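Novice: Okay, here's the structure, questions in a sec.
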Amino acid sequence: MSTATAAAVLGVEDLGWRPASRREPTLSGVTLHVPAGQRVLLAGASGAGKSTLLRALAGLLDPEAGEITGALSTPDRPGERGLLLQQSVHALVAATVARDAAFGPENAARSRAQIADTVRGALSAAAVDVDGEASPFDLSGGQQQRVALAGSLALAPDALLLDEPLSMLDPSAADAVHAAILEAAEGRTLVVADHRTARWLPHVDRVILLGPGGRILADGPPGTVALPAAELPPPPRPAPGAEVAALEAVAIRRRGGREILHRDLDLALRAGELAALTGPSGSGKTTLLRVLLGLEAPAAGRIRRPERERTAFVPQEPEHSFVARTVREEVTASPWAQDEAAAEELLERAGLTHLAAANPFTLSGGEQRRLAIVAALAQRPRLLVLDEPTVGLDDARLADVVALLDRAREDGCAIIAATHDERLASRADRTLALPARPAPDRPVSREITPVPHPRRTAARACNPLTLCAVGLLAAIGSFGVSTWQIGVLGLLPVLLLAPLAVPGWRSAVLRLAPVLLSAATLAWTTALLSPLAPLSASAWLLGAKEASRITLFVAPGVLALASVDVTALGDALRTRLRLPGRPLAAGVAALVRIGHLRGQWERILAARTLRGLGSARSPRVLASATLALLVDTLRGAEQQALAMDARGFAEADARTVALPSPLGRADVIGALVGIALLLWPWALRLMIG
């Protein structure tokens, strides 16, 4: 991918920003100017306002989400400033990796050939190691980070604003992405916020150290700014205690599939020991932790673990475990963590006392991670399971977390942590390194293709507009039903055609179950409430007519739409009907994300059951998880909107789409089927009367 020849000038003047959800400002009186082409490293403690300052430099602070004072520069063109969010999952906007990278070029109204070339270059530059047709929502955190980076690079921005771009990557992937960023930054302005400064210092022109409220504590060339560093104490080496948990010849599958990721995994976890679970992004570390916790069944082998009340878990997305309104209440939310004095001590040792009255969801990423660890330790577990516990932590806060973990080890807690962080892995008593997936025997495809579906049907060969037309024509035809006989006979072609739209009768029955239930209810109420004698034979025949009519009205559309892919439908509406591009793109992005809420729901529900708040069927847990899913979805939508605007969506008045929406022979057949379904009830009416 070619590099840009221009660079953007960035700046804010006496900027203040207070989010609507917080009493204290995140930024206060910040003045910063970045000349064109300069490379800047933002350093500072967790919660110092680095992420917020990056958004301000990108011109993406939303005045409706908080109070802004001062002045900030805004982009001169869509996509001029590429912003990479700290939580990369919120930056994903499409159903496939390649379409996600294509989002920015589509906003810029590039031609399909230009989009394809740009996507290939962006995915290569970001070292994305999965096929373009893969779902970004099914990837590991590190892989998602690379996909999000590709999306930022695809518009050839004049400025790159990157928030912890290497935090979720294994060392080899971090090296590749770091090199890709430096190559992409040639001729561009670069601002990077990162706690791991050593990798960036040789390559930047300027280092800015932020303090509370975004106050600039130091600003100068590398080597002239004293960056805070905390020495980690030597790890405790207690005598091996009793076995707490163990894996014996365990095999694990890829989530949602049958592929065996690893076999014959063995690990013994003893009291007072720290075990590090390492491996490249996508190697199955999170999956193995879920198996250890009992959230998934192993493909083979045996697992021993403590009772649930003596096991604690901190997920990769710590906010999924939050259930309380304040930080202080969060620490004692579990029924297994009722010692308030111990909770206050943990907050103090984690540096969170000053935030005790804050809402957990308003904290920075690093603060949320520390809070989740504190809440887990408050349960006094025998086994503590951590998934990437040090992401977003500066050296000082890492030292705080290490001290907390060391104290837990001294108290006899066994800890296992999935991590890419050498600072934590080097302290482990034992390490289980998961190997990388075998390299595919073919090059990774970076082409833009339609969204793949594992079970294809004949109807998927049709354009989505054709399938919509089939459902509409059949619905109009249902008005020809005047007797129950016509209704029943009218349904025969629908039943015969159902296997063409859905893979198998079982799937058809599941999709039609709500329709059939509604039809049965309508038949019953019609037989009961019609002017005829209630529940008489004639009343039941009238009910059968109405039930068959409503079934014929709805069922063909339900079956036809089962084969409609939302991305392809958006392309068709834009390409064929020339509907406005921005509302369509926003709707498609929302529906794609909604389609992946199941995994989000499972993680939220698991976090609550593991904290002892009740079973997965408990009304209290279900209500809490539902509210959390709603909050998480709304917050994710807010972050997604920010990511979309950073890729030029707000000014995308004339969007193009990366793929055509062809009409072919299958659509002619589909149109004939729709016409037949329209005419069939009326023909029966003429024949039967």
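Novice: Filter segment 227-281 for residues that are in contact with a Leu (Cβ under 8 Å, 6 or more places away or on another chain), hydrophobic (A, V, I, L, M, F, W, C) and in a loop (DSSP other than H, G, I, E, B); which is farthest from Glu410 (Cα to Cα)?
Specialist: Only one residue tops the list, namely Leu227.
Novice: Checking the conditions here, which among Gly599, Gly587, Gly570 is under 15 Å from Leu629 (Cα atoms), outside the structural domain of Leu684 (by TED's automatic domain parsing) and in contact with a helix residue (DSSP H, G or I) (Cβ under 9 Å, 6 or more places away or on another chain)?
Specialist: It is Gly599.
Novice: Taking Val147 as the residue in question, decide whether it is modelled with pLDDT of 90 or more, out of contact with any Lys or Arg (no Cβ under 9 Å at 6 or more places or on another chain), part of a helix (DSSP H, G or I) and crowded, with 21+ Cβ neighbours inside 10 Å.
Specialist: Against the criterion (modelled with pLDDT of 90 or more, out of contact with any Lys or Arg (no Cβ under 9 Å at 6 or more places or on another chain), part of a helix (DSSP H, G or I) and crowded, with 21+ Cβ neighbours inside 10 Å), Val147 qualifies.
Novice: Among the numbered conditions (1) closer than 11 Å to Leu684 by Cα; (2) out of contact with any helix residue (DSSP H, G or I) (no Cβ under 8 Å at 6 or more places or on another chain), tell me where Gln485 comes up short.
Specialist: Tallying (1) closer than 11 Å to Leu684 by Cα; (2) out of contact with any helix residue (DSSP H, G or I) (no Cβ under 8 Å at 6 or more places or on another chain), Gln485 fails exactly one: (2).
Novice: How many of the residues making up segment 278-297 are of a type in the set (Ser, Thr, Tyr) and in contact with a Gly (Cβ under 6 Å, 6 or more places away or on another chain)?
Specialist: 1
Novice: Also: Name every residue in segment 6-27 that is within 26 Å of the chain's Cα centre (by Cα) and surrounded by fewer than 16 Cβ atoms within 10 Å (Cβ to Cβ), in order of residue number.
Specialist: Residues satisfying the conditions are Ala20, Ser21, Arg22.
Novice: Have a look at Ser73, Ser51, Ser21, Ser46 and point out the one that is in the same structural domain as Pro212 (by TED's automatic domain parsing), under 30 Å from Ala357 (Cβ atoms) and in contact with a strand residue (DSSP E or B) (Cβ under 6 Å, 6 or more places away or on another chain).
Specialist: Ser51
Novice: Select, from Gly44, Gly37, the only residue that is at positive phi and modelled with pLDDT under 90. Even if it seems obvious, please write down each step before you answer.
Specialist: Numbers: Gly37 fails: modelled with pLDDT under 90.
Within the list Gly44, Gly37, the selection yields Gly44.
Novice: Taking segment 135-158, which residues are out of contact with any Leu (no Cβ under 6 Å at 6 or more places or on another chain) and either over 21 Å from Ala102 (Cβ atoms) or not aliphatic (A, V, I, L, M) (or both)?
Specialist: Ser135, Phe137, Asp138, Ser140, Gly141, Gln143, Gln144, Gln145, Arg146, Gly151, Pro157, Asp158
Novice: Still on this structure, please answer the following. Kindly indicate the residue of segment 56-71 that is in contact (Cβ under 8 Å) with a residue 60 or more places away in the chain and crowded, with 22+ Cβ neighbours inside 10 Å and also farthest from Leu210 (Cα to Cα) among those meeting that condition.
Specialist: So, considering only residues that are in contact (Cβ under 8 Å) with a residue 60 or more places away in the chain and crowded, with 22+ Cβ neighbours inside 10 Å, the one farthest from Leu210 (Cα to Cα) is Ala58.
Novice: For segment 104-136, what are the residues that are surrounded by fewer than 21 Cβ atoms within 10 Å (Cβ to Cβ) and in a helix (DSSP H, G or I)?
Specialist: Listed by number, the residues that qualify are Arg112, Ala113, Gln114, Ala116, Asp117, Arg120, Gly121, Ser124.
Novice: If we scan segment 160-176, do we find a residue that is surrounded by fewer than 23 Cβ atoms within 10 Å (Cβ to Cβ), more than 25 Å from the chain's Cα centre (by Cα) and either outside any strand (DSSP E or B) or in contact (Cβ under 8 Å) with a residue 60 or more places away in the chain (or both)?
Specialist: No, the conditions are met nowhere in segment 160-176.
Novice: Which one of Arg511, Arg506, Arg460 is in a helix (DSSP H, G or I) and in contact with a Ser or Thr (Cβ under 6 Å, 6 or more places away or on another chain)?
Specialist: None of the other options fit; the residue is Arg460.
Novice: Another one. Just to be sure, is Arg655 part of a loop (DSSP other than H, G, I, E, B), within 30 Å of Leu161 (Cβ to Cβ) and not assigned by TED's automatic domain parsing to the domain that holds Arg255?
Specialist: Taking the combined requirement at face value, the residue satisfies it.
Novice: Asp421: modelled with pLDDT of 90 or more and buried (at least 16 other Cβ atoms within 10 Å of the Cβ), yes or no?
Specialist: no
The values are calculated or read from the model by the stated rules, or taken from the named source; none is laboratory data. Predicted model, so just to flag it, every value in this text is computed and none were measured. Note that each Cβ is placed from the backbone with ideal geometry, even for glycine, and that neighbours are counted across all protein chains shown.
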